[in-house]
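The structure appears right after this line, and notes come after that.
The values are calculated or read from the model by the stated rules, or taken from the named source; none is laboratory data. Keep in mind the model is a prediction, meaning the values are calculated, not measured. Positions of Cβ are backbone-derived with ideal geometry, glycine not excepted, and every protein chain shown enters the neighbour counts. SASA here: full protein model, heavy atoms, side chains in, ligands and nucleic acids out. Shrake-Rupley method; radii C 1.70, N 1.55, O 1.52, S 1.80 Å.
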Amino acid sequence: MAKTVACVIVRSVSTRLPLKSLRSVTAEYTMLGYIIERLKLVKNIDDIYICTSEEDVDDIFEDISNTHDVNLYRGSADEVIERMISVAGITMADNVIRITGDNVFTSIEYLDFQIDKLIEDQLDYIRLIDVPIGATAEVIKVSALKHCYQNMDRSTSEYLLLFIFNPDVYKCGVITLRGTEYANYSLTVDRKEDLIRTKEVLSLFKGNELRLTLRQIISAIQKNNIDNAIFTDSGEVKMPYNAIISFEEFKIDMDNRVRKSINYTIDEK
């Protein structure tokens with residue numbers, strides 16, 4: 001039976017919103033705590049690791065891992081992939097899930113399907129597409145991740161998406177939710193305004209916060225006119241080696257990758 005481990009990638013350093021992963025989003029949960037407790041609801045996840053750095057500034061995650069009874073791995077401050085590969089080695093995992101600590105509303109309701117398809121169809125990589133920024137986790141076969149790491153400039157580790165979501169090299173899958181139009185929303189937390197939006201959404205679901213679906217979140221935003229949830233597809237995108245491209249160029253590239261991938265269309269939950 002294939003083993004799948006969730007890796008929550010997090011640091012305590014953040015320039016725009018200091019200590020953001022440790023900020024409270026409800027009376028009971030910090031942002032990181034909320035992500036962890038939601039991941040515990042996913043049937044096909046065998047283990048959960050907080051993946052952070054060895055630097056003193058990240059000592060706080062020792063306490064967080066104990067509080068939520070999950071494991072902790074401390075490794076490279078800069079090489080995110082090293083942390084995931086090390087966790088895979090420790091746990092003898094076949095697959096890892098990459099979740100970043102600022103994606104508080106990662107869509108856990110589709111993770112079992114992602115994991116199942118990765119295994120059944122022998123994929124290397126699978127993600128949701130046309131969903132809000134911050135809504136999808138990436139499920140990756142460990143052997144593909146190791147190959148990617150060995151064949152890339154490790155200083156560009158933070159740009160893993162650009163290297164692993166590459167249908168010319170890896171067997172990639174993408175999932176579309178039938179009948180939805182969510183691509184112009186953002187649910188990630190980068191700034192104070194994003195944190196306010198997150199708290200406002202969660203305040204509408206007291207007692208049922210952990211099982212929120214993407215459909216419920218977007219519906220709440222629409223019905224309650226919650227601010228700072230619309231993403232404008234303009235501006236620039238930072239690339240490896242300090243290169244900058246327009247968002248339009250980035251989207252064309254991503255659309256091309258999607259066309260070359262195995263496409264799955266499923267009903268929204």
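From largest to smallest, the equivalent ellipsoid semi-axes obtained for the chain from the alpha-carbon gyration tensor read 25, 23, 20 Å. In a reduced charge model with +1 at each Lys and Arg Cβ and -1 at each Asp and Glu Cβ, the chain shows a dipole moment near 540 debye about its Cα centre.
When the chain is treated as a Gaussian network with alpha carbon springs shorter than 10 Å, the biggest mean-square fluctuation among S53, S143, S14 belongs to S14.
In summary, the helical segments of the chain meeting the span-like criteria, namely a full DSSP H run, a Cα extent along the axis of 15 angstrom or more and a mean Kyte-Doolittle hydropathy of at least 1.0, are 80-91.
Find the accessible area per residue for the range 79-150; the probe is 1.4 Å, ligands and nucleic acids are left out, and the unit is Å². Let's see the in-between values first.
Numbers: 2170 Å² over 72 residues.
On a per-residue basis, the range 79-150 sits at 30 Å².
Dividing the convex hull volume of the alpha carbon atoms of the range 83-198 by its residue count gives 126 Å³ per residue. Note on surface exposure: R259, R215, R23, R197 rank R259, R215, R23, R197 by accessible area, highest first, 1.4 Å probe. Ordering N95, I60, L202 by the projection of their Cα atoms onto the charge dipole of the chain, which places +1 on the Cβ of Lys and Arg and -1 on the Cβ of Asp and Glu, puts L202 at the extreme positive end.
Taking each of K20/K206; K40/K206; K117/K223; K3/K206; K238/K269; K43/K171 in turn, the alpha-carbon distance tops 26 angstrom for K117/K223; K3/K206; K238/K269. Using the rule -39500 (n - 2.57) for each DSSP H run of four or more residues, divided by the residues of the chain, the 222 nm mean residue ellipticity is -9500 deg cm²/dmol. Selection among I266, L111, N242 by position relative to the dipole of the chain gives I266 as farthest towards the positive end (Cβ unit charges, Cα centre).
Apolar share of the accessible surface for the range 1-160: 44 percent from carbon plus sulfur atoms, 1.4 Å probe.
Spread over its residues, the convex hull of the C-alpha atoms of the range 1-66 is 99 Å³ per residue.
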